[in-house]
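Visitor: Sharing a structure here in structure tokens format.
The values are calculated or read from the model by the stated rules, or taken from the named source; none is laboratory data. Not measured: the values here are computed from a predicted model. Glycine also receives a Cβ, built like all others from the backbone with ideal geometry; neighbour counts cover every protein chain displayed. In case anyone asks, the SASA skips ligands and DNA or RNA and just uses the protein heavy atoms, side chains included. Shrake-Rupley method; radii C 1.70, N 1.55, O 1.52, S 1.80 Å.
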Amino acid sequence: MRKTLGWLLSLVVLIGTTGAAASTAQAADATERAATAARPAAAADIKDQILGIPGMSLIEEKPYPGYRFFVLAYEQPIDHRRPSKGTFKQRLTLLHKDTSRPTVFYTSGYNVTTSPRRSEPTTIVDGNQVSLEYRFFTPSRPDPANWSDLDIWQAASDQHRLFTALKKIYNKNWIATGGSKGGMTATYYERFYPRDMDGVVAYVAPNDVNNKEDSAYDRFLAKVGTKECRDKLNAVQREALVRREPLEAKYAAAAAENGWTFTTVGTLDKAYEAVVLDYTWAFWQYSLLADCAGIPAAATASDQEIWDTVDTISGFSAYTDQGLETYTPYYYQAGTQLGSPDIKQPHLKGLTRYGYQPPRDFVPRDIPMTFQPGAMADVDNWVRAHAERMLFVYGQNDPWGAEPFHLGYGVKDSYVMIAPGANHGANVAKLQDGERTLATARILQWAGVAPAAALTDAGRATPLAKPDPQLDRQDLPREAQLRP
């Protein structure tokens, strides 16, 4: 009996032990499954993530140390108000560092550069950079092109739609930036979609509020630099018009050699005068006061010396059909919304035949143009009243800064700063010490990456990325200078 009872007890213990072991194993298995489910899957390659966006396609990937660099195309509506009108492919580039870093949204307002480049804010925040080609600059042009679809709201909507798609991947802070027409573009984007960006850095952005009143440019050109330099430039400009006949003969020979034609502007004579009238403006746009030493003395200069200095600074190819073709979208916008300078240059009285020619003269006649005088006034009023986390940087000697953006009393955490002695290449690095560190600190804070030291003392704010001469190089055009 005791044997039987002992056996039964042993059996009960065995069954209980087995059941407990089974339960423990099941529990452990469940725990492992839960842990496995909780573990994030290996992140997809960034290229696969980007190409997973509907409408995104790869043109090419180029290697660059420390980054992934992609040239891409994104399908956009021709008309964001009426998507049924069709789509076009808009080119962009992506300089990818890490999705944990902030992203800078850059545009030049023109064609995108398909070589790796890094804007100043990207260097400051050590982030990613998305660079978007402006609509209607080839190849980002609908075919056929309805030019009425080229305006600042449609371009801002291109940026908004791309940002919305990329924000799912790059979910840290974003800053919009650009220089010249790109600075204008960043500002217009903020005006129409003020909730997208965490900050805006607009470099040398013109603000031609009233296209019929351009006396600010005349006052600027009458005082910029030194009288000695201004007189030297004015004398060369006069001499180029006095010697119009022999210099136009050189122009005709250059046109024949290079295959230049003048259908859009009308005649070689009109193109020649347009180039010469750009000369002083173009000098101050891209040269420094010290460069005046290289300008020839007009009275003793040879025809070749006059030709060379005008060609170097203004560019005789600028108003040929071939020179204008790339920039047709800009001149169209200047003649429909942006406005353009009309300067008097009294020192040329009696020598000019056409005066400052309007943008209409630089756009093929089969493209209709009607100016919208309220477009820039709307943006100007919005910036004055509603700017928040916006920084405008101008160059003291840049003629495009003669009509800048201004800030009103209602703005928040926004600034206008001027780099002393700087031209159209002005940036944060060229500001005076106090403003440079303040601007750097604000950009870092807007991007959400300000070090603790910079938060407590703006004077300790410095760029987070190491300089890279190739990556940080500015690609500035050197022709058709009466263009931002």
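Visitor: Hey, what number do you get for the chain at 222 nm if only DSSP H runs of n ≥ 4 count, each worth -39500 (n - 2.57), divided across all residues, to the nearest 500? Don't skip to the end; give the middle numbers.
Guide: Working: 16 runs with 188 residues, N = 484.
Result for the chain: -12000 deg cm²/dmol, rounded to the nearest 500.
Visitor: Add +1 for every Lys or Arg and -1 for every Asp or Glu among the other residues with Cβ under 12 Å from the Cβ of residue 441, and state the total. Walk me through the intermediate numbers first.
Guide: Numbers: positive: 436, 442, 460; negative: 413, 435, 457.
That sum, taken over residues with Cβ under 12 Å, equals 0.
Visitor: Related question: Which stretch or stretches of the stretch 340-376 have amide N atoms under 12 Å from the point lying 7 Å from residue 267's Cα along the Cα→Cβ direction?
Guide: Taking a point 7 Å out along Cα→Cβ of residue 267, the residues of the stretch 340-376 whose backbone N falls under 12 Å are 353-354.
Visitor: Counting other Cβ atoms within 10 Å, which GluC sites (Glu not before Pro) in the stretch 199-246 have at most 15 and lie in a DSSP loop?
Guide: Values: sites: 213, 228, 239; in loops: 213.
Sites meeting the loop and neighbour criteria: 213.
Visitor: In whole Å, what is the distance between the alpha-carbon centres of the stretch 123-140 and the stretch 146-202?
Guide: That distance is 10 Å.
Visitor: May I ask for the distance between the Cα centers of the stretch 256-297 and the stretch 334-349, given as a whole number of Å?
Guide: Cα centres, the stretch 256-297 to the stretch 334-349: 15 Å.
Visitor: Further question: Please give the peptides 331-338, 443-450, 256-263 ranked by average Cβ packing (other Cβ atoms within 10 Å per residue), highest first, as a rough proxy for protection.
Guide: Numbers: 331-338: 23.9, 443-450: 21.6, 256-263: 12.5.
With the highest mean Cβ count within 10 Å placed first, the list reads 331-338, 443-450, 256-263.
Visitor: Continuing with the same structure: Label points 7 Å out from Cα along the Cβ direction at residue 87 and residue 344: separation in nm?
Guide: Taking the two extended label points, one gets 5.3 nm.
Visitor: List the equivalent ellipsoid semi-axes of the chain in whole Å, largest first, each obtained as the square root of 5λ for an eigenvalue λ of the Cα gyration tensor. Working shown, then result.
Guide: Values: eigenvalues 686, 124, 82 Å².
Calculated on Cα positions only, the semi-axes equal 59, 25, 20 Å.
Visitor: Additional query: Please compute the Cα-Cα pair-distance distribution of the stretch 56-194 with 5 Å bins starting at 0, giving whole percents from short to long.
Guide: 2, 10, 21, 25, 21, 13, 6, 2, 0
Visitor: Here is a further query. Using per-residue counts of other Cβ atoms within 10 Å, averaged over each peptide, order 284-295, 348-359, 150-161 from highest down. Could you put the intermediate results ahead of the total?
Guide: Values: 284-295: 16.4, 348-359: 14.6, 150-161: 20.6.
Listed from highest to lowest mean packing, they are 150-161, 284-295, 348-359.
Visitor: How large is Rg over Rh for the stretch 282-419, taking Rg from the Cα atoms and Rh as the Kirkwood inverse mean of 1/r across Cα pairs?
Guide: Values: Rg = 18.9 Å, Rh = 18.3 Å.
Ratio of gyration radius to Kirkwood radius: 1.03.
Visitor: Taking 0.36 nm per residue of sequence separation and subtracting the Cα-Cα distance, how much length would be gained by fully extending the chain between residue 138 and residue 407, in nm to one decimal?
Guide: Numbers: separation 269, 0.36 × 269 = 96.84 nm, distance 3.49 nm.
Length gained between residue 138 and residue 407: 93.3 nm.
Visitor: Roughly what would the spin-label model give for residue 300 and residue 386, points 7 Å off Cα along C-beta, in nm?
Guide: 6.0 nm
Visitor: Let's test the formula: R0 of 22 Å, r as the Cβ-Cβ distance of residue 378 and residue 212. What FRET efficiency results, to the nearest 0.05?
Guide: Working: r = 17 Å, r/R0 = 0.75.
For R0 = 22 Å, the calculated efficiency reads 0.85.
Visitor: What ranking do 215-226, 43-54, 71-82 get when scored by the average of other Cβ atoms within 10 Å per residue, highest first?
Guide: Working: 215-226: 15.4, 43-54: 13.3, 71-82: 17.8.
Descending mean neighbour count gives 71-82, 215-226, 43-54.
Visitor: Taking K and R as +1 and D and E as -1, what net charge do the other residues with C-beta under 15 Å from the C-beta of residue 259 add up to?
Guide: On the way: positive: none; negative: 257, 321, 325.
Within the 15 Å Cβ shell, the charges total -3.
Visitor: Could I ask something else about it? Taking R0 as 25 Å, what FRET efficiency do you get between residue 468 and residue 98 from their Cβ-Cβ distance, rounded to the nearest 0.05? Could you put the intermediate results ahead of the total?
Guide: Working: r = 16 Å, r/R0 = 0.66.
That pair, residue 468 with residue 98, gives E of 0.90.
Visitor: Across bins of 10 angstrom width beginning at 0, how are the C-alpha pair distances of the stretch 418-471 distributed, in whole percent?
Guide: Histogramming the stretch 418-471 at 10 Å steps yields 25, 45, 27, 2 percent.
Visitor: Computing the accessible area with a 1.4 Å probe over protein heavy atoms, can you report the carbon and sulfur percentage for the stretch 248-392?
Guide: Details: 3120 of 5940 Å².
Carbon and sulfur together cover 53 percent of it.
Visitor: Cα to Cα, under 23 Å, and not fewer than 8 places away if on the same chain: which lysines meet these conditions relative to residue 212?
Guide: 181, 223, 270, 344, 349
Visitor: Once you have the Kirkwood Rh of the stretch 351-482 from its Cα pairs, apply Stokes-Einstein at 4 °C and 1.567 mPa s and quote D in µm²/s. Could the numbers behind the result be given before it?
Guide: Working: Rh = 18.1 Å.
Translational D for this selection: 72 µm²/s.
Visitor: So what's the stretch 176-269 giving for Cα Rg divided by 2.2 N^0.38 Å, two decimals? Walk me through the numbers before you get to the answer.
Guide: Values: Rg = 20.3 Å, N = 94, 2.2 N^0.38 = 12.4 Å.
After normalising by residue count via 2.2 N^0.38 Å, the value is 1.64.
Visitor: How much accessible area per residue does the chain have, in Å², with a 1.4 Å probe? Write down the numbers at each step before the final one.
Guide: Numbers: 21880 Å² over 484 residues.
Per-residue value: 45 Å².
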